[in-house]
1. If you check GLN58 against the conditions, is it more than 36 Å from the chain's Cα centre (by Cα), surrounded by 13 or more Cβ atoms within 10 Å (Cβ to Cβ), of a type outside the set (D, E, K, R) and not in a loop (DSSP other than H, G, I, E, B)?
2. Go through the residues of the range 64-74 one by one and say whether even a single one is more than 30 Å from ALA106 (Cα to Cα), surrounded by 13 or more Cβ atoms within 10 Å (Cβ to Cβ) and at pLDDT 95 or above.
3. Kindly indicate the residue of the range 99-127 that is of a type outside the set (Phe, Trp, Tyr) and in contact with a helix residue (DSSP H, G or I) (Cβ under 6 Å, 6 or more places away or on another chain) and also nearest to PHE82 (Cα to Cα) among those meeting that condition.
4. Could you grab the pairs with beta carbons closer than 8 Å, sequence gap of 6+ or different chains, first residue in the range 137-157 and more than 18 Å from GLN58 (Cβ to Cβ), second one of a type in the set (Gly, Ala, Ser) and surrounded by 12 or more Cβ atoms within 10 Å (Cβ to Cβ)?
5. Keeping to the range 101-124, report how many residues are assigned to a helix (DSSP H, G or I), in contact with a Ser or Thr (Cβ under 9 Å, 6 or more places away or on another chain) and surrounded by fewer than 16 Cβ atoms within 10 Å (Cβ to Cβ).
6. Report, by residue number, each residue of the range 25-47 that is hydrophobic (A, V, I, L, M, F, W, C), out of contact with any Lys or Arg (no Cβ under 9 Å at 6 or more places or on another chain) and touching a residue at least 24 places away in the same chain (Cβ under 8 Å).
Amino acid sequence: MEEWIQRMRLAFSNGKLPNIQEQMSLLGYTTEKLDGLLAKVERLQELHQTQKTEYAEQYAETQKFDQKFTEINDLYTKHLAFCKILFKGDTLASASLDFAGKRKTAYSDWLVQVGNFYSQLLKNPNFMTKLQGINIKEEDLKAAQNRLSEIIALKESQKKETAEAQKATEARDKFFDELYPQYSEFVAYAKVALSQSQDLEALGIVTKRG
């Protein structure tokens, strides 16, 4: 996109050079019209910068989410492994804590599985008593739950940034699609109207040398 913006800016700017303007103004490309086209190029530049900013913000939010996800999942995996040893042979613990179940990888399923694990531990006094024996306290489990709340908030923020990035891309691309035909038409007229290759090159139009 940067290359197209540079090409358009060069063509419309140098279209105002006296020797080029003399020919192109006969085809309707007055200084005023070229200034209007240049203003559109600057608007495209603004939209492109906005799009880049939005994608940078989306990337930053995704990094935060991934970091938090890894942090919580590592803690959950450790707690789960401890519980499988601690509650070995306990059918209630095995069922309620989902020992035999496959570990979920999709975010929404993972969130339910991990959230259930900690809530089941916290609401069962017998589980909590046994956990104290391996130095896992109530505040440790509640801290894990708080981290789940944090990752939910991060996911929502990530979704918001993704939507804004997509919207910015659509706005930029729509504007480009409207401006490009005007640039293409200008170039087509210039190729016919300007006989000197150096004039065309001043507009960024490369010509074959005989």
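The values are calculated or read from the model by the stated rules, or taken from the named source; none is laboratory data. Predicted model only: the values in this text are computed from it and were never measured. Using ideal geometry, Cβ is built from the backbone for each residue, glycine included, and neighbour counts are taken over all protein chains shown.
1. In short, no.
2. Checked the range 64-74: no residue is more than 30 Å from ALA106 (Cα to Cα), surrounded by 13 or more Cβ atoms within 10 Å (Cβ to Cβ) and at pLDDT 95 or above.
3. Filtering first and then ranking leaves LEU121.
4. GLN145/GLY115; GLN145/SER119; LEU148/GLY115
5. The qualifying residues number 1.
6. LEU26, LEU27, LEU37
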